[in-house]
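For reference, the structure discussed in these notes is given below.
The values are calculated or read from the model by the stated rules, or taken from the named source; none is laboratory data. In this text, all values refer to a predicted model and were calculated from it rather than measured experimentally. Note: ideal-geometry Cβ built from the backbone for every residue, glycine included; neighbour counts use all protein chains shown. In case anyone asks, the SASA skips ligands and DNA or RNA and just uses the protein heavy atoms, side chains included. Shrake-Rupley method; radii C 1.70, N 1.55, O 1.52, S 1.80 Å.
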2 protein chains.
Amino acid sequence: MPPMIEPKTRRAALVALASLAAAGAAWVAPGTSVSADHASAAGRIIGAELVDGQAYALLQHLTDRIGPRLTGSAGAEAAVAWAAERLRSYGLAVRTEKVMVPRWVRGAEEAEIVAPAPQRVLVTALGGSEPTPAEGIAAEVVEAGGLEGLEALDAAAVQGKIVLFNAPMTVRGMEGYGPAVAQRTRGAVAAARRGAVAAVVRSAGTLSARLVHTGAMSYAEAVPRIPAAAIAAEDADLIHRLLASGETVRLRLRLGCRTLPDVESANVVADLPGRQSPGEIVLIGAHLDSWDLGTGAVDDGAGVAMVMETLRLLRALGLEPRRTIRGVLFMNEENGLRGGKAYAQGHAAELHRHVAALESDSGAGRPTGLSATVGPGGLDMLRRDLALLLRPLGAEEVVAGGGGADIEPLHASAVPLLGLSLDATRYFDWHHSPADTLDKVDPRELALGAAALAVTAYVLAEMPGTLPRPAPPEPAAPRRP
Amino acid sequence: MPPMIEPKTRRAALVALASLAAAGAAWVAPGTSVSADHASAAGRIIGAELVDGQAYALLQHLTDRIGPRLTGSAGAEAAVAWAAERLRSYGLAVRTEKVMVPRWVRGAEEAEIVAPAPQRVLVTALGGSEPTPAEGIAAEVVEAGGLEGLEALDAAAVQGKIVLFNAPMTVRGMEGYGPAVAQRTRGAVAAARRGAVAAVVRSAGTLSARLVHTGAMSYAEAVPRIPAAAIAAEDADLIHRLLASGETVRLRLRLGCRTLPDVESANVVADLPGRQSPGEIVLIGAHLDSWDLGTGAVDDGAGVAMVMETLRLLRALGLEPRRTIRGVLFMNEENGLRGGKAYAQGHAAELHRHVAALESDSGAGRPTGLSATVGPGGLDMLRRDLALLLRPLGAEEVVAGGGGADIEPLHASAVPLLGLSLDATRYFDWHHSPADTLDKVDPRELALGAAALAVTAYVLAEMPGTLPRPAPPEPAAPRRP
């Protein structure tokens, strides 16, 4: 829990802020770096965004006019061109930074239970999966509750079978997503090691609407690259019931996906130059690519819109903080992270001058605060110098251990990493599925998120000091899936 | 509102019923035909169903082992064979009564917005639709809010276009379904009269999960038979937004569905013979066919299970009412009503001895009561002689004007028609869509419904008098869609 600010103190402070800001007085909240200037800027940002923000309009363009943005697709390239042009129209210094990206394409896909009785199964290939032969793969299904469930199975029981990973997502939000991700990303390798011919996983999410949820999966060297797909939760339940009743279940899976040679794409980078220390950079990021089934409104069109809107808004308000605020729209977060890695590599020489990197990639729910991976004292500093200004948005909670996939490669250079926390209760019901569309976004909640991002970026770029840098992560032990 | 029974009276009556039933005494509730025998039978039915009912197991077999049951499909025929065999296993007199049915098959289907920018649209053909040419139909889209909205459009604005019927379902349950049905069933004819080349309708339902909802549509003589399909609500919203922003939207629609020659199918008819007046018949019905996208669990597998379970249960309990209870599992409710019509025709000679027909075709929600189309005094009779016994199930509400699609053809012969009312709040979010699967059914709610159906059937077959017969319907004026 963050330290509580006494309601009485807060009321007094806000009254003082309002009057002092109006008077233009140089006031500093006791024990903080929250000055009348900060408060005034935050007030202008929040007011302008809620009254006349453009985050939703940006998101609408991205999803309605461009649509799905799978890395390497025409949609992704259109998004790069549009975002760069739009950011330039705000008067920012914009460049597209080349990234070579994987190009995986989906193709036709279908599945059916062929025994004990024919039934269609709703299926979608996991991103990166190898195809099946044209005629498909037909084999008996063996069910594992999850990765641990597979370990409990006899190797002979798996050999030549299709493994169904069927651990359900029972808790909504980020907490429940972990187990669903593990079986999706690592299930194929684990199953192949035991001789399985394909892996199918129960779709993530808790909404019972026969949705398929795709997502990334990976292969490992010297392990057979077996096809991997997600099936609707209802179909996983059906197979479970048939197996539980003692039936032998045979599934036929046909996936036409394939991996083409890498293609050139780009991160979009836009700078709002600092007025005093332009070499010091506060990075705000989101990812421009999306999965192909929906239009990527919540994952991560919303983040893209918030980042673009932050830059537009600060520019429009004439707010020029001390340091540079750099917006980065990363390419290929979903199936390769090539954009995040390329940024870290290409900007290695200036990462020691990146004073913070803040990502928004948790949907479009109302903002609740920040998560942060920072050095000792950093959390307290955020709570003391920033939280008061996020409180009008309900976004004052600061918790340890945050960041984002695209900015994680900056961790090795000890860049303080922050994630914008958003209410993700419904996020996983839609993300990676065909249902990830604009209507899932509440315009007001998106505006609250954009305002929270803008206030945070502004304060980090303007406050006198900088966040203590975190220790670089321990080198990861190779994990045997 | 039904007449209220005073709580004090009810408590006293129930105490009396329990003790008298236990003693086997011949007791009659004052002012009603609810005797100790009726109460005892109802108590045995309800208790047995809730403790040891098999409705859910029947539904599970129908949906897991047989699956979708589109009229004319292998699934439908498997369902006929299974239901007949299962009902025979209960010791009933069972026959399959031949019905010639339409055979419409779906085929491949796809749609995409081709301008202003390409986007995939989730689509499914409406049942009975003609196919598009193999290369599809590509045309500009004109939006109508509903059938009335089309009337408001200039004929020139519709000529050569694809009409999008986009009236949303804003109220959950049966009340909200009406407008959605009208544009689905009659949209193609209305659009074709004005020169449209195809019709697409917004999918019914209020769940935002990119679901497509199919359903029946019809053509009219001398009106071009244009292809008709449902698109996901999200896609209808997208097209709406593009049009609202002034764009010209072009859609490409490809439907591979087609209508094959009629095939032979059957209604399944099972009699539990009456002990005193076997020629008098209480019909209980549901429809065995379903749409093809889901497994037809709520529409109308649940009704089938309740009808079968009623017959099983009464037989197992040795309850032999005065009159015959006849279960009828109708074929082809969804796209032709051939089963209902064939039954009325084939049994014309005995319809004057059908003392009631009761259908369950509103899903699997908890039962709330009965709707009834009966002669003067009939509703009061149901409230007086039956409602007390349905009250333990929360199903005592009796409202005017009910029945069911399959039994409606009996109306012309003045058969009293009843519908089992079920909570349909969520019903239309799933029915006719891929999400209509077993997991949407709560076993306990299904058991409550089965018990309500069984109690009702028993009492109607056992009570001393019969329901007053309703006036036959006015001959329908031909409706110009």
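A few notes on this one:
- Odd one out for residue A:121, checked against (1) more than 21 Å from residue A:189 (Cβ to Cβ); (2) more than 14 Å from every other protein chain (Cβ to nearest Cβ): (2)
- From A:195, A:173, A:256, A:205, residue being out of contact with any Asp or Glu (no Cβ under 7 Å at 6 or more places or on another chain), closer than 22 Å to residue A:434 by Cβ and touching a residue at least 40 places away in the same chain (Cβ under 8 Å): A:173
- Residues satisfying the stated conditions in region A:136-146, i.e. modelled with pLDDT of 95 or more and open to solvent by less than 40 Å² (accessible area, probe 1.4 Å): A:136, A:137, A:139, A:141, A:142, A:144
- Residues of region A:254-310 that turn out to be of a type in the set (Asp, Glu) and either open to solvent by 10 Å² or more (accessible area, probe 1.4 Å) or not in a helix (DSSP H, G or I) (or both), as a count: 6
- Any hit, region B:468-478, residues being of a type in the set (Asp, Glu) and at pLDDT 95 or above: no
- Residues (open to solvent by less than 30 Å² (accessible area, probe 1.4 Å) and touching a Pro at 6+ places or on another chain (Cβ under 6 Å)) located in region B:337-351: B:340, B:344
- Residue within region A:352-374 that is over 23 Å from residue A:50 (Cβ atoms), of a type in the set (A, V, I, L, M, F, W, C) and surrounded by fewer than 18 Cβ atoms within 10 Å (Cβ to Cβ) present: no
- Test: residue A:426 is open to solvent by 10 Å² or more (accessible area, probe 1.4 Å), in contact (Cβ under 8 Å) with a residue 40 or more places away in the chain, basic (Lys, Arg) and within 20 Å of residue A:181 (Cβ to Cβ): yes
- Within region A:218-242, tally of residues that are open to solvent by less than 20 Å² (accessible area, probe 1.4 Å) and more than 14 Å from chain B (Cβ to nearest Cβ): 6
- Just one of the listed residues (B:88, B:106) is modelled with pLDDT of 95 or more and either within 14 Å of chain A (Cβ to nearest Cβ) or more than 29 Å from residue B:456 (Cβ to Cβ) (or both), and it is B:106.
- Helices (runs of 4 or more DSSP H) completely within region B:377-456 that count 1 or more residues being of a type in the set (Phe, Trp, Tyr) and farther than 17 Å from residue B:286 by Cα: B:427-430
- Residue ID - surrounded by the fewest Cβ atoms within 10 Å (Cβ to Cβ), chosen from residues in region A:380-406 that are farther than 17 Å from residue A:452 by Cβ and among the aliphatic types (A, V, I, L, M): A:400
- Selection status of residue A:196, open to solvent by less than 10 Å² (accessible area, probe 1.4 Å) and either not in a loop (DSSP other than H, G, I, E, B) or not aliphatic (A, V, I, L, M) (or both): no
- Scan of region B:52-79 for residues that are away from every other protein chain (no Cβ under 13 Å), open to solvent by 10 Å² or more (accessible area, probe 1.4 Å) and either at pLDDT below 95 or under 20 Å from residue B:328 (Cβ atoms) (or both), ordered by number: B:52, B:54, B:72
- Breaking point among (1) open to solvent by 10 Å² or more (accessible area, probe 1.4 Å); (2) in contact with a Cys (Cβ under 6 Å, 6 or more places away or on another chain), for residue A:161: (2)
- Any hit, region A:251-258, residues being closer than 30 Å to residue A:97 by Cα and away from chain B (no Cβ under 11 Å): yes
- Residues that are buried (at least 18 other Cβ atoms within 10 Å of the Cβ), small (Gly, Ala, Ser) and in contact with a helix residue (DSSP H, G or I) (Cβ under 8 Å, 6 or more places away or on another chain) do not occur anywhere in region B:458-468.
- Breaking point among (1) within 14 Å of chain B (Cβ to nearest Cβ); (2) over 18 Å from residue A:215 (Cβ atoms), for residue A:133: (1)
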